[in-house]
Structure formats: structure tokens, C-alpha cells
Amino acid sequence: MKSATDFLNVPRVATGIGDDVDFGLRERVCDQGETAVGKCGAGCERLPRADGHGHGANAQRRTRSLAKHEGPDGRQVHAESLHAAKYGDAGFLGLRCPTVGSVRAEDPHLHLRRGGVDDEERSVFAEECGQAWHRGQETLRPDRAQARSAPESGIDRGMTLRSLPDSFNENPSANLTVNIQLNNVSDTRKSIVVTLDKSEVDAEHQATVVEFSKFAQLPGFRPGKAPANMVIKRYAKDIAGEFRQKVVSKAYQSALKQENLEVLNIVNVEEGTIEPGLSAAITVTVDVRPEFALPEYLGLPTEVTATEATDAEVETVIEGLRGERADFKVAERPAQRSDYVKLSYEGTVDGQPIADLAPDKQIYGKVPQTWEEVEGTNEGVIPGLGKELNGVKTGDKKTVTITFPAEFTAVPALAGKTANYAVEILEIRERALPELNEEFFKSQQVDSLDALKSSVRNNLRLRKEYENQTAQRRQVTEAIAAKVDFAVPQSLVDSETQSVLRQFIEENMRRGVPQDQFEKDKKELFAGAQKAATQRVKVQLILAKVAEAEKITVSERDIDNFIYREASRSGQKPEKLVKGLTKDRDQLRAIQQNIIFDKAVDFLVSKAMMTTAQPKA
């Protein structure tokens with residue numbers, strides 16, 4: 001069976017879907033629209049990083065400024081300013097083997113364990129391509145020649161790298177000492193002040209100038225032979241930007257290494273003054289993974305209901321199906337249960353019109369005509385009004401007393417109040433149910449009453465099974481969260497709060513709730529969303545730890561299954577979804593994170609202790 005990525009009719013590695021899980025390949029297209037390519041001694045194409053460590057417009061300007069240089073095979077390739085200068089020909093991060101496809105060398109993203117090439121994949125690559133991989137890896141990252149292969153839990157893919165450019169996570173170019181002060185802002189937030197003295201700053205500046213000098217093309221000089229002062233003058237802006245990034249990167253990486261921090265998110269960076277000839281002080285505020293002991297998570301208690309449908313439940317569903325196809329005829333008699341009454345009403349509270357108490361909610365104050373079900377299963381707009389209509393006749397006028405609930409969010413001004421409604425009955429209609437005959441059976445796609453009952457019974461069983469699964473997932477997450485208490489990172493809570501609010505508003509707008517209603521209730525909405533977000537982040541941190549303990553990972557099959565489900569749900573073609581994910585790496589990482597959480601919850605449910613609740617008499 002084809003993988004979803006096969007629909008693109010290009011090698012799977014080019015889609016970036018499976019590779020983000022397994023390899024994380026990135027290809028870079030230069031500003032001239034061509035992929036920069038070279039060849040290694042083993043015949044493997046080297047591909048520069050997608051970001052080129054140039055970070056946007058600066059990289060494009062720098063690429064245009066630097067000369068093309070000749071690759072090992074004699075072809076012209078575009079020089080990548082930072083990596084090509086810093087690491088020479090081995091500076092190209094990607095290696096493409098004609099036999100086994102493309103693989104990316106371990107890059108700075110792995111500081112937060114976002115994936116990499118494991119030992120087995122590396123050995124296969126080396127066997128197919130000589131020792132090209134190991135040579136490039138050791139030259140490229142001599143201090144990190146062994147890529148991590150730890151499974152990535154959802155929380156492990158923190159937001160740090162979305163907040164800052166990739167070079168912020170580079171290894172420092174020089175192994176110099178720095179002064180690091182760690183301040184505890186809270187249990188999960190740290191402020192790191194890194195001070196580099198004048199000599200260290202000057203060394204970084206000198207290293208940056210040397211890198212640019214190697215490929216600088218100035219009139220009258222061969223590449224790499226121009227005087228440093230002329231290079232500084234010609235590329236002053238680019239050198240200054242690269243220099244600042246190197247100093248900040250060095251400060252951050254030195255702090256992580258010395259303090260052994262598990263950073264989930266970079267909250268703020270204060271660079272201060274970074275200039276040659278001066279010392280530099282960089283302050284980085286980060287949120288870190290909270291420390292807590294994973295509680296016992298095997299055998300969590302869950303309760304489910306019996307999935308077999310009773311005869312009474314089947315009859316109720318069949319009556320509901322008949323009700324959906326019912327006719328409503330005018331009734332010349334007093335209203336009975338399930339009848340519909342057409343009426344008008346006007347309400348007051350202590351003699352004051354409700355229309356004045358809640359001018360933006362006229363439906364609760366005065367309505368010239370509406371329909372209300374007599375003793376209906378579901379409450380109407382006015383709570384309890386339908387229960388007061390049994391026995392009324394057309395033309396009747398009566399006063400109905402209604403007490404609103406203590407918490408009535410629809411109209412807070414009416415919460416806990418007792419209102420009097422003057423009601424006039426305009427018309428009564430009775431529900432005429434269709435006969436259980438051949439015509440009705442055909443409308444339900446069955447040929448007999450027994451077949452209808454069998455179909456209803458099966459649907460009830462499936463619904464109950466789904467409800468049990470949902471209930472068990474909720475119960476295990478609530479149970480494990482109740483077993484441990486710890487502070488959660490505020491930046492994660494803030495981000496999740498916005499997600500909860502956005503989801504809530506979108507759902508309610510689809511139901512017809514006006515936009516101005518959210519503005520009126522924004523304080524209550526925000527407080528509720530923040531509470532839900534805090535619990536959600538806590539559960540996610542626990543699930544990430546469970547996934548790590550149980551070695552739960554995201555496979556390519558998981559990604560493919562998601563694509564097929566989403567394509568079926570949205571009606572989009574799989575290849576269109578794949579194309580969108582290749583362009584939106586953040587969305588892909590979010591999908592991987594959700595898959596990790598879902599698989600961790602499924603694991604907890606599979607190990608839970610289940611009891612079946614006895615049906616109520």
C-alpha cells in the first residue's frame with residue numbers, strides 16, 4: 001500500500017513529512033532559485049541547511065555578496081557564508097547518498113531533542129557511502145559527533161527554536177570561559193546573566209571577520225586575500241549582525257552547558273551592548289521543565305457502562321426517529337405533553353420589565369410569538385416555561401412564575417431572580433407520528449421492524465463503546481494529574497490559554513453567538529480558559545514523561561494515518577495536506593506532539609483497571 005507521501009510523485013525525502021520524524025532533512029534553495037549542491041569524495045551530494053544560518057534577508061544579501069566557488073567536482077556552487085566559511089567543504093549540513101537517499105547531519109535543533117539520525121541509520125549510511133557521513137559529522141560538529149537517538153516526547157519539542165533563529169542554538173566557535181549567574185524567577189522560570197569580558201568579545205569578532213574574509217571578493221584581491229580592514233568596511237552590516245548572533249549564541253550555549261537546564265521556551269533575550277573592545281552582558285529569560293517524580297501510572301481506576309442496549313433504550317430511539325418525521329396538526333383541545341404551543345409573553349422582575357433589565361436580551365423580556373414544547377425533554381429559552389403549559393387552551397391568558405438558576409450565564413442580571421411572565425396562548429398543535437409501516441422502514445433503510453430494532457441496537461452499542469473510550473481517556477488523565485502537584489511554566493500556559501480561547505470562540509460563533517457577546521464576557525472567558533490551559537499543560541508534561549519512560553515515539557505510519565484521517569474529514573486530497581505540512585514545520589511539530597500525547601493516553605488506558613457500572617434501576 002502506498003504511503004501518503006507517495007502521492008507527490010517525488011522521493012519521499014523531499015516532502016519533509018517522514019523525514020521530520022526520522023531524519024529531519026532540510027534542503028536549501030539559494031536566493032537565485034537554485035539548490036546549492038556539491039559532491040563529496042564518495043559521490044554523495046552535499047546540501048546546505050534550509051536556513052543557511054543567514055536568517056532571512058541578511059543571508060540573501062550575504063549570499064549575493066560572496067563569490068561562487070568551485071566544488072570538488074569542478075562545478076560552480078553558491079558559497080554559504082557562515083557554514084562554508086566556518087567548516088570549509090564539510091560545512092554543508094546535508095548529505096545525499098544515491099543509494100539510500102538524503103540524511104541530515106545532527107543540527108542545533110537536537111539540543112531540545114527534536115529528532116536526529118540514530119546509530120543504525122548512520123551505520124547504514126556509512127556502509128553505503130564509505131566514511132563520508134562520519135567525516136562530515138566529525139568536521140561539522142566535533143563536540144557532538146554522536147547524534148542523540150532519544151525518543152521525542154511532545155513537550156520535548158519546546159517552542160525555543162520558534163522564538164529565536166537557529167544560530168542561537170549553535171555551538172560556540174571558541175571554547176572560552178564566561179561568567180554565568182543563574183537567578184530563580186520562579187520554580188520554572190530562570191534568568192541567566194552571561195558576562196563575556198573584552199578579550200572574549202574581541203575573539204568572537206575576529207573569528208567572524210576571518211569567516212567573511214575567506215570568501216570576500218574585493219577588486220584587486222583574490223577571494224580570501226583581501227585585508228581584514230577592507231573586508232570589515234565592505235561587509236560591516238553583515239559582519240555586525242553575524243557577530244552579535246555569535247556572541248549571544250555563545251552566551252546561551254555556555255549557560256545551558258554549565259547549568260544543565262532543560263529549556264522549554266525562551267521567554268526573553270536582552271542583548272545589551274555588543275561591540276568590539278567592550279565586555280558584553282546578555283540576559284536570557286527561559287522557562288524550564290519542572291522537576292517532579294512520575295507517579296504510579298499503571299492500574300489507574302476507570303469505570304465504564306454496559307454496552308448492550310436494553311429494549312427500553314431501543315424503543316426510545318425508535319420513537320425519536322418517528323418524532324423526526326412527525327406532522328403537527330392543529331389541536332382543538334387542551335395542550336398535552338409533547339404538544340407544541342404557540343404563545344406570546346412579557347416578563348417582569350419585581351414589577352420592572354425584563355426588557356429594561358436586559359435590553360440586549362429581548363428574547364427573555366418580551367416576545368410577540370414563539371413556539372414551546374409542552375413538558376419537553378429539553379428546556380426552552382425560558383427555563384421551566386414548558387412545564388407550565390400542560391392543560392392550557394387556545395385563547396387562554398395566564399401569569400407564570402419562573403425562578404432562574406443561581407448561575408444563569410445567558411443573562412447574569414436574571415441569575416437567581418424570580419420573574420412573572422404574562423402568557424397568551426395563540427395556538428396548539430399536536431404531534432402526529434408516522435405509522436411503523438413499509439414506507440417508514442424504507443426511510444430508515446431497513447425492510448422490517450425487527451431489522452430496524454437490530455440496526456438501532458447495534459448503533460447504540462457502538463455509541464456506548466465510544467462513550468466508554470472517551471470516559472476512560474478522561475478518567476486516566478484526571479487520575480494521574482491528581483497524583484502529583486507541581487508548578488507549570490507560565491509561557492506554556494499563556495500559549496495554551498490563547499489556543500483554548502480561540503477554539504471556544506470559533507465553536508460558539510459557528511453556533512450563532514454574536515462577537516460582541518465574547519467582548520462582554522471576556523474576563524470570565526479568559527479566567528476559565530486559563531484554568532483549563534493550566535490543567536492541560538500539566539497533563540501534557542506528565543504524558544511527555546510517561547512517553548519517555550515507555551519509549552513511545554512518533555512513527556511514519558502515525559503521520560500517514562493522520563494525513564488519511566484529516567483528508568477524509570476535510571475532503572482535501574492527501575497530497576495537498578502533505579504539501580501544506582512541508583511548508584509549515586510548526587504545524588507538523590504540533591501534530592507530532594498531539595500524536596505522542598494520544599499514544600501515551602492510549603497506553604494508560606490499556607494498562608488501567610476497569611470496572612463496569614451497574615445499570616440504574
Has the stretch 498-517 got any residue that is in contact with a strand residue (DSSP E or B) (Cβ under 6 Å, 6 or more places away or on another chain), assigned to a helix (DSSP H, G or I) and either within 30 Å of Ser606 (Cβ to Cβ) or modelled with pLDDT of 90 or more (or both)?
no
When both residues are 6+ apart or on different chains and their Cβ atoms are under 8 Å apart, which pairs have a first residue that lies in the stretch 415-444 and is basic (Lys, Arg), and a second that is open to solvent by 60 Å² or more (accessible area, probe 1.4 Å)?
Lys417/Thr403; Arg429/Phe328; Arg429/Lys329; Arg429/Val330; Arg429/Tyr340; Arg431/Asp327; Arg431/Phe328; Arg431/Tyr340
So is Gln369 open to solvent by 70 Å² or more (accessible area, probe 1.4 Å) and either touching a Leu at 6+ places or on another chain (Cβ under 7 Å) or modelled with pLDDT of 95 or more (or both) or not?
yes
Counting just the residues of the stretch 195-248 that are under 25 Å from Val284 (Cβ atoms), among the hydrophobic types (A, V, I, L, M, F, W, C) and in a helix (DSSP H, G or I), which one comes out nearest to the chain's Cα centre (by Cα)?
Val248
Output yes when any residue across the stretch 581-593 is assigned to a helix (DSSP H, G or I), free of Cβ contacts under 8 Å to residues at least 24 places away in the same chain and under 22 Å from Ala544 (Cα atoms), and no when none is.
yes
Taking the stretch 536-566 only, how many residues are in contact (Cβ under 8 Å) with a residue 12 or more places away in the chain, under 20 Å from Ile591 (Cα atoms) and part of a helix (DSSP H, G or I)?
20
Does Arg457 fit the bill of being more than 21 Å from Tyr345 (Cβ to Cβ), surrounded by 16 or more Cβ atoms within 10 Å (Cβ to Cβ) and touching a Ser or Thr at 6+ places or on another chain (Cβ under 8 Å)?
no
For the stretch 397-428, the count of residues that are of a type in the set (S, T, N, Q), touching a helix residue (DSSP H, G or I) at 6+ places or on another chain (Cβ under 9 Å) and not in a loop (DSSP other than H, G, I, E, B) equals 1
Exactly one of Ala326, Ala280 is in contact (Cβ under 8 Å) with a residue 60 or more places away in the chain, more than 30 Å from Leu543 (Cβ to Cβ) and buried (at least 19 other Cβ atoms within 10 Å of the Cβ), and that residue is Ala280
Test of understanding: among Glu346, Glu379, Glu303, which residue is among the acidic types (Asp, Glu), surrounded by 11 or more Cβ atoms within 10 Å (Cβ to Cβ) and part of a loop (DSSP other than H, G, I, E, B)?
Glu379
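The values are calculated or read from the model by the stated rules, or taken from the named source; none is laboratory data. Worth saying up front: this structure is predicted, and the values here are computed from it rather than measured. All Cβ positions, glycine included, derive from the backbone under ideal geometry; neighbour counts span all protein chains shown. Remember, those area values only see protein heavy atoms, side chains included, never the ligands or the DNA or RNA. Shrake-Rupley method; radii C 1.70, N 1.55, O 1.52, S 1.80 Å.
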